[in-house]
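Working notes for the structure below.
The values are calculated or read from the model by the stated rules, or taken from the named source; none is laboratory data. Everything numeric in this text was worked out from a predicted model, so none of it was measured. Neighbour counts run over all protein chains shown; Cβ positions are idealised from the backbone, glycine included. Ligands, DNA and RNA are stripped out before the accessible areas are found, and what is left, the full protein with its side chains, is counted by its heavy atoms. Shrake-Rupley method; radii C 1.70, N 1.55, O 1.52, S 1.80 Å.
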Amino acid sequence: MRYLTLLLAGALLLGACGRPSDPQAEARHQAQVDSLMQRLSVREKVAQLFVIEISREPSEETLARQDSLVREYGVGNLIIMRGPIGPFIERTNHLQSLAKIPLLVATDAEWGAAMRFAEYLPYPRQRILGRLEGRQAPRLLYQMGRNVGRELRDLGIYVNYAPVADACPDPYDASDGQRSFGSDPEMVSAYTSAYMQGMQDEGIFACAKHYPGHGCTTVDSHFEMPVVLYSRDTLESIAFAPFQTLFDNGIAMVMVAHMSIPAIDSTGVPMSISAPCMKGLLREEQGFKGVVITDAVGMQGVAAGRSPLEVNTAVYRAGSDMILMPNDVKLSIDAIADSVETGAWPLAELNAKVRKVLELKARAGFFDAGFDPQVRDLDRKIAEARHRDSTLQVRIDRALKRSSKPYIEPIGGDRTLVLDKGGALAPK
């Protein structure tokens, strides 16, 4: 119970710094969403579920396709990948100018904006942060969450696909070992909750990944589908617990992995297209009420042997609210809309998904008078972020130097156990 005790101690700080609920604001947001829902066509609703990629060096053809998707189809969301921040901001500003409904922009910033943009200072990766000890651990992670949230909000990014909530026993056997806080589900629950709360107190929507737990896999789902053969009891005691804690603490989103778990779905399909996982385990058993998104649908863990249209419609039908980095977007929007308009798929299901996405936008203030999605004063914002982050990083580094926990670091391709006292605090 030691980590839950630390979390409760940290929660006193979180509550003091967090934003209190505002019933009037919630009522205003619901009214804004209601008004939009009445005006949107079925195709426009479907388009709000798609998240398209803004890559580093898009071709002229890609730029024209993106413009068309936003201006003509009404695609509602963007994800920014790795590269210099300036061109990304120019591109998102341009696409925002084409959008009838402001675009919800996301990125992966597990250890800060530096994970995608070299202009920022990197925080240690989660496996190193898992070495933090004592009552200061949740406080430092909470403040890191606030700093990262501020970085992203200044860039017009309102969704961070973080934290990684996978309890990962061995960082070198597992496919995402350096991205996990560690092997103890209780510690992972506490540390991810503190980080999540900091981000959401800054108005950034956090996303727990990779549900229902990627920490036990040795296969990278970018290239093939992992299969997890653990029993249901083992999964509940190790993999599910951190996610349940984040759900109970109000995380906005969850990302479902492309991995097969026969103990959940005996058909062997990936969890991302498994109704027993998405609608049964996630929604009914664990009671998650927020936004569900799958990992990128072009990954081979789900895409192998399936066309983009088949993948996009399958994740929609299984229970995903948002479709991340799809191919054949126009074809898929038309196909889903046609199925709804003909009555083959229920309109109520589509409306429920779209409401969740629009509610995020409403809570971010997108529909309030005076909201401006354009990002300005980029150089000043970067300088301010670097100052904030460098100050906190000194505190984190000092805490890590005092840690008694060992850290396993790869040296020359070998596995070497080192007691890190300050020599390897930056990401490798």
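Worth a mention:
- Coordinate range along principal axes, alpha carbons of the range 217-304, Å, largest first: 34, 27, 21
- When both bridge partners sit in the chain, DSSP labels roughly 15% of those beta bridges antiparallel.
- Rg/Rg_ref, the range 311-353, where Rg_ref = 2.2 N^0.38 Å and atoms are Cα: 1.07
- Extension gain from Ser59 to Gln38, taking 0.36 nm per residue of separation minus the Cα-Cα distance: 3.9 nm
- Heavy-atom accessible surface of Glu236, to the nearest 10 Å², is about 90 Å², with a 1.4 Å probe and all protein chains retained.
- Degrees, to the nearest 10: 329-341 long Cα axis against longest axis of the chain: 60
- Listed residues Lys381, Lys330 arranged by accessible area, highest first, probe 1.4 Å: Lys330, Lys381
- For the range 49-179, the relative contact order comes to 23 percent (Cα pairs under 8 Å, sequence separation of at least 6).
- Rounded to the nearest 10 Å², the accessible area of Thr342 at probe 1.4 Å: 110
- Sorting His222, His29, His94 on solvent-accessible area from highest to lowest, probe radius 1.4 Å, gives His222, His94, His29.
- Computed lengthening from Asp377 to His94, 0.36 nm per intervening residue step minus Cα-Cα distance: 100.3 nm
- Cβ-Cβ distance of Leu309 and Lys279, R₀ of 25 Å, FRET efficiency by 1/(1 + (r/R0)^6): the value works out to about 0.70.
- Lys361 - accessible surface, heavy atoms, 1.4 Å probe, Å² rounded to 10: 0
- For the chain, lysine pairs with C-alpha atoms less than 16 angstrom apart, excluding pairs fewer than eight positions apart on the same chain, total 15.
- Pair-distance distribution of the range 112-173: all C-alpha pairs, bin width 5 Å, starting at 0; shares per bin in whole percent are 4, 14, 25, 24, 18, 11, 4, 1.
- Springs between Cα atoms under 10 Å define the GNM used for the chain, and in it the highest mean-square fluctuation of Arg153, Arg125, Arg65 occurs at Arg65.
- Stretched out straight at 0.36 nm per residue, the stretch from Arg395 to Asn327 would grow longer than its current Cα-Cα span by 20.1 nm.
- Cα-Cα P(r), the range 259-416, percent of pairs per 10 Å interval: 8, 23, 23, 23, 18, 4, 0
- Just so you know, the Cα atoms of the range 78-186 work out to an Rg and Dmax of 15.8, 49 Å.
- Accessible-area rank, largest first, for Arg317, Arg91, Arg398: Arg398, Arg317, Arg91, with all protein chains present and a 1.4 angstrom probe.
- Seen against the Cα atoms of the chain and their longest principal axis, helix 378-401 is set at about 40 degrees.
- Over the chain, DSSP H runs of length four or greater, each weighted -39,500 (n - 2.57), average out per residue to a 222 nm ellipticity of -13500 deg cm²/dmol.
- Build a GNM of the chain with springs between Cα atoms under 10 Å apart, and of Leu235, Leu360, Leu331 the one that fluctuates most is Leu331.
- Relative to the longest principal axis of the Cα atoms of the chain, helix 2-17 runs at roughly 60 degrees.
- Label of the coordinate-derived value, percent of Cα pairs over 31 Å apart, listed as (i) 45; (ii) 54; (iii) 37: (iii)
- For the chain, carbon and sulfur atoms together expose 52% of the accessible surface, with a 1.4 angstrom probe and every protein chain in place.
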